[in-house]
């Protein structure tokens, strides 16, 4: 039974994600959501455990920014394609850690449970979900917008 379920999940993943060339985006979305969930659970269960150096509390968004920077450098410098999943996972974790404390770095306030972070996570999550599952739709919309814009510019240019 479990082999059958695993086989069906694998086939579904291949059909919906891999064949549509969305594997990296999927891993970014998945690790983003898992990182946010795990970090919230960790802070809720262990509110007094944190890393500090010389009396300065290092928030986990700092680690998120470092992961975002490192994965961005790795992606820009064209690491071999076989490392795309690793880069996507690093990016997703970094995005999850930094977005989890979005309110802290926007408001410069040490209130972890404020709503702004939840709003940011929902926004980023929906955006990533849309990229993973509806990228062909958004690509087509962009083509239509560019086509209309190009035609409008030509009409205006001809009237001048």
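Of note:
- Computed per residue of the chain from DSSP H runs no shorter than four, each worth -39500 (n - 2.57), the mean residue ellipticity at 222 nm is -26000 deg cm²/dmol.
- The label-point distance for residue 129 and residue 116, in a model that sets each label 7 Å from Cα toward Cβ, rounds to 2.4 nm.
- Alpha-carbon centroid distance for the pair region 69-109 / region 1-38, whole angstrom: 19
- Region 23-132, relative contact order in percent, only Cα pairs under 8 angstrom and at least six apart counted: 38
- Shape class of the chain from the alpha-carbon gyration tensor: oblate, with a/c at 1.5 or above and b/c at least as large as a/b.
- Förster radius 30 Å - calculated FRET efficiency between residue 30 and residue 108 (Cβ-Cβ, nearest 0.05): 0.45
- Approximating the spin labels as points 7 Å out from Cα along Cα→Cβ, the residue 153-to-residue 13 distance works out to 4.3 nm.
- Length gained on full extension, residue 5 to residue 74, computed as 0.36 nm times the residue gap minus the Cα-Cα distance: 21.3 nm.
Values in this text are rule-based calculations from the coordinates and carry no lab data. Note that the structure is a prediction, hence the values are computed from the model and not measured. All Cβ positions, even for glycine, are placed from backbone atoms using ideal geometry, and neighbour counts span all protein chains on display.
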